[in-house]
1. State whether one or more residues within the range 158-172 are under 30 Å from residue 32 (Cβ atoms) and within 10 Å of the ligand (Cβ to nearest atom).
2. What are the residues in the range 90-116 that are surrounded by fewer than 19 Cβ atoms within 10 Å (Cβ to Cβ) and near the ligand (Cβ under 9 Å from one of its atoms), if any?
3. Pick out the one residue from 63, 80, 90 that is without any contact (Cβ under 8 Å) to a residue 60 or more places away in the chain, of a type in the set (S, T, N, Q) and touching an Asp or Glu at 6+ places or on another chain (Cβ under 9 Å).
4. If a residue has to be of a type in the set (A, V, I, L, M) and more than 14 Å from residue 139 (Cβ to Cβ) to count, how many in the range 55-85 make the cut?
5. Picking from 11, 65, 15, 54, which residue would you name as being modelled with pLDDT of 95 or more and either within 16 Å of the ligand (Cβ to nearest atom) or in a loop (DSSP other than H, G, I, E, B) (or both)?
6. From the list 72, 79, pick out the single residue that is within 16 Å of the ligand (Cβ to nearest atom) and either more than 17 Å from residue 135 (Cα to Cα) or under 13 Å from the mean Cα position of the chain (by Cα) (or both).
7. Would you be able to say whether some residue in the range 176-197 is at positive phi, in contact (Cβ under 8 Å) with a residue 40 or more places away in the chain and either surrounded by 13 or more Cβ atoms within 10 Å (Cβ to Cβ) or among the aromatic types (Phe, Trp, Tyr) (or both)?
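The values are calculated or read from the model by the stated rules, or taken from the named source; none is laboratory data. Predicted model, so just to flag it, every value in this text is computed and none were measured. Cβ: placed from backbone, ideal geometry, glycine included. Neighbour counts: every protein chain shown.
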Amino acid sequence: MKKTSFTTLILAGSLVSAGPALAQTPQNAAPMPAEMQQMMKTYTPEMRQKAMALSPELKATIQQLHAGHPRRAKETTLRQIMHEILSEYQSIASALATDNAEQAAEAARRLASHRIPKGGLLPYFSLDKVNNNDLGVLPAMNTAVEGSALKLAEAADAGDMPRAAAYMSDIMTGCVACHQKFRGTPGISANLMSPASK
Ligand code: HEC
């Protein structure tokens, strides 16, 4: 996987957003954007503390990412949104394989304009990942996935299907990179013996 490509990527996508309103900010904590403040009311104290402690830059990044995704889910979780994104990716693949430029462009734009899950992105990450370092990669991930999807849509609009197809691997590189960092292993069974107790 070409990790270097991330460094050239620009900011896009998002988590949380809006205004410079201040809440009860603990020592060292940067001001919290208004929407993030609202979302944080729904977080556990542990998650809230982690979110409050993020740097001003990271909070601004999250706000920017959020602003790039104006649609908000009511109840949908991140995992469900991810499944929607996967469906769009598969739809793009199907469209490319069948030379359907309009389907490819539409699905790619839907992929890029997914809703923000209930509560934002943060509560779906493990507590130990909610820090400036780990979350700092989000813009790069977003650009890899959504930036490439939008480029794919443009190429499809222009009727350049080979170029559109080439963006599929850039998109998947972003999916894979983000999963390696943040996804964990959903769906682990409590009814299996762990390897340690074999
Ligand atoms: C911002 C980081 C990030 C990006 C980018 C990302 N994912 Fe995910 N994805 C996650 C996280 C975190 C989870 C685990 C969510 C959970 O279980 O609550 C996840 C879970 C999923 C799931 C749920 C099923 C499973 O086995 O975990 C699917 C499907 C999925 N992602 C598909 C994709 C696809 C396809 C892409 C690229 C087009 C993508 N994701 C890009 C972070 C990301």
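1. Initially, the range 158-172 is screened for residues under 30 Å from residue 32 (Cβ atoms), giving none.
Looking through the range 158-172, none of the residues is under 30 Å from residue 32 (Cβ atoms) and within 10 Å of the ligand (Cβ to nearest atom).
2. The one that is surrounded by fewer than 19 Cβ atoms within 10 Å (Cβ to Cβ) and near the ligand (Cβ under 9 Å from one of its atoms): 90.
3. Working: 80 fails: touching an Asp or Glu at 6+ places or on another chain (Cβ under 9 Å); 90 fails: touching an Asp or Glu at 6+ places or on another chain (Cβ under 9 Å).
Of 63, 80, 90, the one residue that is without any contact (Cβ under 8 Å) to a residue 60 or more places away in the chain, of a type in the set (S, T, N, Q) and touching an Asp or Glu at 6+ places or on another chain (Cβ under 9 Å) is 63.
4. Residues meeting the conditions: 5.
5. 54
6. The match here is 79.
7. no
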